[in-house]
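*Asks:* Next up is a structure, given as structure tokens.
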Amino acid sequence: MDRMQQLARDVKTLESLLSVCTRCGMCQANCPLFAQTRKEADVSRGKFALLNGLIEQMFEDAKGVNERLQRCLLCGSCGHGCPSNVSALEIFLKARTIITQYLGLPFSKKILFKKILCNPETFNGIMGTVALFQKILFKKEQNFQGTSCARIASPLLRHRHIVSLKETAFNRTLDGLDYRINGKGVKVAFFVGCLIDKAFPNIAHSVVTVLKHFNAQVFIPSHQGCCGIPAIASGDLETFEALVKLHVDLFSKEKFDYLVTACATCSSTIINLWPGLLKHMDKTLLSRIESLAQKTVDISWLMEKRFDIFSAISKHDAKKEMVTYHDPCHLKKSLGVFNEPRQVILASGRQLIEMADADICCGMGGSFNLMHYDLSSEIGLKKAGNIVKTGCSTVATSCPACMMQISDMLATLKHQVMVKHPVEIYAKALVS
């Protein structure tokens with residue numbers, strides 16, 4: 001059997017998932033990328049046709065198919081609006097791993113994923129060094145978003161307004177601290193996530209502030225790493241598996257009621273992708289993964305469901321700050337969480353103003369933003385425009401990746417709107 005026949009046979013394992021699609025075209029109406037390009041190959045139905053072409057060996061351009069599969073935000077909008085409940089996100093990620101096994105992982109990604117991302121201590125050390133020396137490469141901008149721009153023009157960085165890494169990551173503040181000692185309430189483990197740890201540590205500190213205020217017993221294991229979404233999005237199943245195993249072992253050291261995150265992407269990855277993409281693993285390990293996934297919740301969900309967030313903050317008669325909210329795709333469309341973060345904002349004493357199309361993707365899409373910044377920006381600028389039209393001084397969202405994208409877009413438009421996480425807004429109200 002030649003390699004193309006083997007690839008066709010491997011892709012054929014997705015046939016049962018692909019067959020659910022009736023080719024109705026509803027994915028066109030929901031795909032933010034198709035709304036920009038109007039290209040059939042950019043929508044789920046078109047990508048499924050390409051995968052069927054590989055199965056039938058109608059063509060041999062696996063690289064071309066992979067490039068089309070990579071032109072996807074992985075936002076889940078197509079599956080969310082699908083009348084047949086096609087598991088598009090699962091199909092795309094599994095197809096990427098199959099084709100990556102055939103084509104091989106690029107050398108740069110092998111180093112990034114297998115040598116750095118897979119080893120949290122190495123990753124933290126490198127990012128800590130980068131944070132110290134980033135002032136050489138980037139200059140701070142004077143805007144409400146606190147972004148920086150590159151000092152030297154480059155194809156990758158020239159138009160970007162970047163949220164800088166903080167000099168002190170959240171993981172470097174954990175030494176000698178044990179938040180379980182004084183807690184008497186619900187038992188919570190905290191999965192921090194890469195972006196929050198290194199770019200938005202104030203979100204993590206805000207989570208701790210809130211949990212401590214409500215007397216939660218908080219378990220924050222050291223040496224946490226990435227949830228694995230960058231690796232699996234690039235087709236690196238091996239690194240994804242290693243990161244999942246690492247965290248299952250870390251969080252199995254304690255008993256707790258909830259595994260809480262403040263990152264929509266981490267929540268969705270742990271709840272849906274960890275058990276969904278690793279069904280082939282040892283049954284004992286899979287059982288532990290599923291148990292962890294079942295305990296995982298977003299911080300806003302936990303606050304709204306388990307704490308009396310409205311009574312904790314005194315009401316002010318002064319003019320309320322106006323806040324609008326952007327729904328992260330992975331929180332609303334993948335997990336059905338959208339009212340809870342709004343309740344957190346209202347409980348903090350702010351006035352909530354809804355923007356138009358609050359649940360439309362902001363255009364970030366992780367690596368999509370790196371590879372297709374022009375398309376990512378076109379989608380993101382529409383989101384920024386809707387934010388500005390509300391007249392709010394702050395936009396909140398529950399995903400650090402969305403925060404980076406929205407900060408970039410608002411800085412591009414030169415608008416004075418702050419970008420915050422709902423838990424930051426609430427924690428500030430608690431201590432003020």
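The values are calculated or read from the model by the stated rules, or taken from the named source; none is laboratory data. Because the structure is predicted, anything quoted here is derived from the model rather than measured. Note: ideal-geometry Cβ built from the backbone for every residue, glycine included; neighbour counts use all protein chains shown.
*Asks:* Which of the helices (runs of 4 or more DSSP H) found entirely inside segment 330-432 contain at least 3 residues meeting this: basic (Lys, Arg)?
*Replies:* Because the criterion is at least 3 residues that are basic (Lys, Arg), the helices (runs of 4 or more DSSP H) in segment 330-432 that meet it are 373-389.
*Asks:* How about segment 334-392: which of its residues are of a type in the set (Lys, Arg) and over 30 Å from ARG68 (Cβ atoms)?
*Replies:* ARG342, ARG350, LYS389
*Asks:* Taking the residues in segment 254-310 that are among the charged types (D, E, K, R) and assigned to a helix (DSSP H, G or I) as candidates, determine which candidate is surrounded by the fewest Cβ atoms within 10 Å (Cβ to Cβ).
*Replies:* LYS283
*Asks:* Go through segment 59-87 and report how many residues are of a type outside the set (S, T, N, Q) and either part of a helix (DSSP H, G or I) or assigned by TED's automatic domain parsing to the domain that holds GLN405 (or both).
*Replies:* Summing the residues that are of a type outside the set (S, T, N, Q) and either part of a helix (DSSP H, G or I) or assigned by TED's automatic domain parsing to the domain that holds GLN405 (or both) in segment 59-87 gives 10.
*Asks:* Being farther than 22 Å from ILE203 by Cα and in contact (Cβ under 8 Å) with a residue 24 or more places away in the chain is true for just one of GLY349, GLY365, GLY380. Which residue is that?
*Replies:* From the options GLY349, GLY365, GLY380, the qualifying one is GLY380.
Yes/no matrix, rows are residues, columns are (1) touching a residue at least 12 places away in the same chain (Cβ under 8 Å); (2) crowded, with 21+ Cβ neighbours inside 10 Å; (3) out of contact with any Gly (no Cβ under 7 Å at 6 or more places or on another chain):
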{"position": "VAL86", "(1), (2), (3)": "yes, yes, no"}
{"position": "ARG96", "(1), (2), (3)": "yes, yes, no"}
{"position": "CYS118", "(1), (2), (3)": "yes, yes, yes"}
{"position": "VAL130", "(1), (2), (3)": "yes, no, yes"}
{"position": "ILE136", "(1), (2), (3)": "yes, no, yes"}
{"position": "LYS139", "(1), (2), (3)": "yes, no, yes"}
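*Asks:* Just checking, which of THR390, THR394 is at pLDDT 95 or above, closer than 22 Å to LYS332 by Cα and touching an Asp or Glu at 6+ places or on another chain (Cβ under 7 Å)?
*Replies:* After applying the criteria, what remains is THR394.
*Asks:* Do you know which residues across segment 1-58 are loosely packed, with under 13 Cβ neighbours inside 10 Å, part of a helix (DSSP H, G or I) and β-branched (Val, Ile, Thr)?
*Replies:* THR13
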